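Asker: To start, I am sharing the structure in question, which I have written as structure tokens.
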Amino acid sequence: MSDTEPESTVRRLASLRDRLEAGMDRREFVRTLVTGGYALGMAHFLGVEDFLSADDGEVPVVTALVREDPADPYSLTERTRDVPADWYAAVETATNLNEKLAKRAFTGYLGSAVVPGSYDSGTASVSIGISSDADSIPDAISEFAEDISINPQTLIEIESIEEGPDLSTARPRFASQIPADGPPSGVACETPSSLATLSPALYDPVDERAFFATAEHAFDIDGAPIGERVTLPVQGGDLFTLGAVEQAFPVEDVVAVSPADGDGLQPSSWIDAPESVRVNGQLTKFGLADLVARDEELEKVGALTGHTTGRVQGIDAVTCFTDDFCRRGQIRWGGEMDLTDGDSGSVSYYPDPEGDDDTVLVAGFNNARTWWPGQSYVWGVSAYHLTETQGYHF
């Protein structure tokens, strides 16, 4: 990033604050914010009061969507935090650069991610993965990298894969019982071809319907797994039918499973952590950036590796490693030892700092891990990106 851009952004935002008037029409306010250079993704959430309440040199960002009524998953409201304007400008610039790199998708591009710096640094960077045979990469990078730090990492071809966690004696974590309000997530569920991890309930705010969910790649069939059954094994040998896949999203690697009528099980927002926790909403992109800036950790509970924690390594990531298309809106966090086969469909989450002690905010799904030397993280689609593209929320 250039030395002048964060400073000019601070001046622009200060000037914009001076122009705002109490009682301004919401549509006019959003239009004023956008034309003043503020991100549309944040502007449509914020009100005049949010913006004016921030101190000089700070701007408000939406960090989470949380339930106003803990018992009503459709009562989402925005939670904001004031952040340094130069840091905000750096993250926005890095996000724009990351998008340009993904759109260019030059030969050898394997993915990239935004890496926010600390609040004190007021910086952000972009980490990019490139293949070893990408001779044209330096020119392609220099085309975009005038205003921000970009860190290319060459991912070489290797003959052997680094080993994952030793699971020779591991056993899947089956649900011990079925509570009245539905089975918890973080336990094993089964598709006709594989074992995966049950995620917390996904909610469709349009029709106000709740769905079970897990990883789409757990269905080893050609085409979309619409109508495929998902079951829940329980300790003691019982097997319950959760339902059938109603919608499948291969790019996001998620399926929405409509509850079956027979066994009558309903999706729940509980996670079977060492001490059970309840989902109270989800983090936004800037909520994740805030965790990076403060060096905070995410948690997850998978059906094989159980409960683990790790720091966020990148947000708004693009991954092009596994398919003939790129996946966007990804999170990179933790290490490759935090995930193995059977953990796909689990979610990463963070304790809700303003909620009850047993409430958490979902960051996103966990569906893959690195398998090459030099990098180590888990990745999966973020909750905010799934909401933006498909409308579902936690």
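Asker: Could you pull out the residue among 218, 196, 210 that is under 24 Å from the mean Cα position of the chain (by Cα), farther than 15 Å from residue 232 by Cα, surrounded by 15 or more Cβ atoms within 10 Å (Cβ to Cβ) and at pLDDT 95 or above?
Answerer: 210
Asker: Can we say residue 271 is open to solvent by 40 Å² or more (accessible area, probe 1.4 Å), touching a residue at least 24 places away in the same chain (Cβ under 8 Å) and of a type in the set (A, V, I, L, M)?
Answerer: No, not satisfied.
Asker: Go through region 71-88 and give me each residue that's open to solvent by less than 60 Å² (accessible area, probe 1.4 Å) and over 17 Å from residue 284 (Cα atoms).
Answerer: If the condition is that a residue be open to solvent by less than 60 Å² (accessible area, probe 1.4 Å) and over 17 Å from residue 284 (Cα atoms), then 72, 84, 85, 86 are the ones that fit.
Asker: A further question on this structure: Got a number for residues in region 355-374 being in a loop (DSSP other than H, G, I, E, B) and touching a strand residue (DSSP E or B) at 6+ places or on another chain (Cβ under 7 Å)?
Answerer: 5
Asker: So which residues in region 375-394 are small (Gly, Ala, Ser) and not in a helix (DSSP H, G or I), if there are any at all?
Answerer: 376, 380, 382, 391
Asker: Continuing with this model, one more query. What number of residues within region 312-353 are in contact with a Gly (Cβ under 8 Å, 6 or more places away or on another chain), among the β-branched types (Val, Ile, Thr) and in a loop (DSSP other than H, G, I, E, B)?
Answerer: Count: 1.
Asker: Suppose we keep only residues that are open to solvent by 10 Å² or more (accessible area, probe 1.4 Å) and either β-branched (Val, Ile, Thr) or part of a strand (DSSP E or B) (or both) within region 294-305. Which one would you say is nearest to residue 364 (Cα to Cα)?
Answerer: So the first thing to find is which residues in region 294-305 are open to solvent by 10 Å² or more (accessible area, probe 1.4 Å), and the list is 294-297, 299, 304-305.
With either β-branched (Val, Ile, Thr) or part of a strand (DSSP E or B) (or both) added as a condition, the list becomes 297, 299, 305.
Values: 297: 13, 299: 11, 305: 17 Å.
For region 294-305, the residue satisfying everything is 299.
The values are calculated or read from the model by the stated rules, or taken from the named source; none is laboratory data. Bear in mind the structure is a predicted one, so any value in this text is a computation, not a measurement. Every residue, glycine among them, receives a Cβ derived from its backbone with ideal geometry; neighbour counts consider all protein chains shown. Please note that ligands, DNA and RNA were not included when accessible areas were found on the heavy atoms of the full protein model with its side chains. Shrake-Rupley method; radii C 1.70, N 1.55, O 1.52, S 1.80 Å.
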